[in-house]
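Single-structure report; data block below.
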Amino acid sequence: MLEFEPNSRMRRKMKAEVEIMNSNPAFNRLARGMDTIGFEEVESEFQECERRGVRRLLVKKDRRYVAVVDYCLQNPTDSEAWISLFVVHRAYQGAGVTHEIYGELESLVRRSGRSCLRLAVHASNEAGQAFWLKKGFRSFKEVDIEGKPHYCLEKEL
């Protein structure tokens, strides 16, 4: 069973986020240019999310933290719901957990009255692109974020 918890600056939750992120060094290299992150980078994410009104969640499965999800229901730029971070611990990838987490997140967004969900995926993240396309997302534009090419994807809910 999955549990979505609000993420916070509590030490144990920040530690869980660091562990999840550092289980994915290839993603960290794409996103931050380094294999591992620390508490400083997590604190920076909290500040950025607070500034932008993004909700931060930790996802538990069988009482273990397995994923970090950041999303907003109304992006100030286009008024659509957006996923800004979706990272599953490497140990839980490939066993259906990622699909289960996304399904719950999509239901949460739909219950909030939203009819469209968007995200941006690094152009060089082929596995990420394949996952989101399999989930029914389609590309609607290409953008540069911090000098890195991304595909913006959307799905009608």
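Here residue 97 clears all of (1) more than 26 Å from residue 145 (Cα to Cα); (2) modelled with pLDDT under 95 except the condition numbered (2).
Restricting the range 18-34 to residues that are without any contact (Cβ under 8 Å) to a residue 40 or more places away in the chain and not in a loop (DSSP other than H, G, I, E, B), the residue that is most open to solvent (accessible area, probe 1.4 Å) is 29.
When the range 85-126 is examined, which residues are found to be small (Gly, Ala, Ser) and over 14 Å from the mean Cα position of the chain (by Cα)? Spell out how you get there, then give the answer.
Of the range 85-126, the ones small (Gly, Ala, Ser) are 91, 94-96, 103, 107, 112-113, 115, 120, 123-124.
If the condition is that a residue be small (Gly, Ala, Ser) and over 14 Å from the mean Cα position of the chain (by Cα), then 91, 94, 95, 96, 107, 112, 113, 115, 123, 124 are the ones that fit.
Checked against (1) touching a residue at least 40 places away in the same chain (Cβ under 8 Å); (2) open to solvent by 60 Å² or more (accessible area, probe 1.4 Å); (3) under 28 Å from residue 147 (Cα atoms), residue 115 meets all criteria but (3). With respect to being assigned to a loop (DSSP other than H, G, I, E, B), of a type in the set (S, T, N, Q), over 14 Å from the mean Cα position of the chain (by Cα) and on the phi < 0 side of the Ramachandran plot, residue 79 falls outside the description. Of the residues making up the range 35-69, those that are without any contact (Cβ under 8 Å) to a residue 60 or more places away in the chain and part of a strand (DSSP E or B) number 10. Within the range 11-55, the set of residues being touching a His at 6+ places or on another chain (Cβ under 7 Å) and either under 20 Å from residue 147 (Cα atoms) or small (Gly, Ala, Ser) (or both) comprises 23, 30. Among the conditions (1) crowded, with 17+ Cβ neighbours inside 10 Å; (2) without any contact (Cβ under 8 Å) to a residue 12 or more places away in the chain; (3) farther than 22 Å from residue 23 by Cα, the only one that residue 109 does not satisfy is (2). Taking each residue of the range 85-104 that is basic (Lys, Arg) and looking for partners that are at pLDDT 95 or above with beta-carbon atoms closer than 7 Å, six or more apart or interchain, yields 90/23; 90/24.
Restricting the range 35-68 to residues that are of a type in the set (Val, Ile, Thr) and touching a strand residue (DSSP E or B) at 6+ places or on another chain (Cβ under 7 Å) leaves a set whose member that is surrounded by the fewest Cβ atoms within 10 Å (Cβ to Cβ) is 54.
For the structure I just gave you, tell me whether residue 120 is more than 20 Å from residue 78 (Cβ to Cβ) and either surrounded by 13 or more Cβ atoms within 10 Å (Cβ to Cβ) or among the aliphatic types (A, V, I, L, M) (or both).
Values: more than 20 Å from residue 78 (Cβ to Cβ): no; either surrounded by 13 or more Cβ atoms within 10 Å (Cβ to Cβ) or among the aliphatic types (A, V, I, L, M) (or both): yes.
It is false that residue 120 is more than 20 Å from residue 78 (Cβ to Cβ) and either surrounded by 13 or more Cβ atoms within 10 Å (Cβ to Cβ) or among the aliphatic types (A, V, I, L, M) (or both).
The set of residues in the range 130-157 that are exposed (fewer than 13 other Cβ atoms within 10 Å of the Cβ) and assigned to a helix (DSSP H, G or I) comprises 130, 134.
The values are calculated or read from the model by the stated rules, or taken from the named source; none is laboratory data. Being a predicted model, the structure only gives us computed values, none of them experimental. Cβ coordinates were reconstructed from backbone atoms using ideal geometry, including for glycine residues, and neighbour counts include every protein chain displayed. Ligands, DNA and RNA are excluded from the accessible area calculation, which covers all protein heavy atoms including side chains. Shrake-Rupley method; radii C 1.70, N 1.55, O 1.52, S 1.80 Å.
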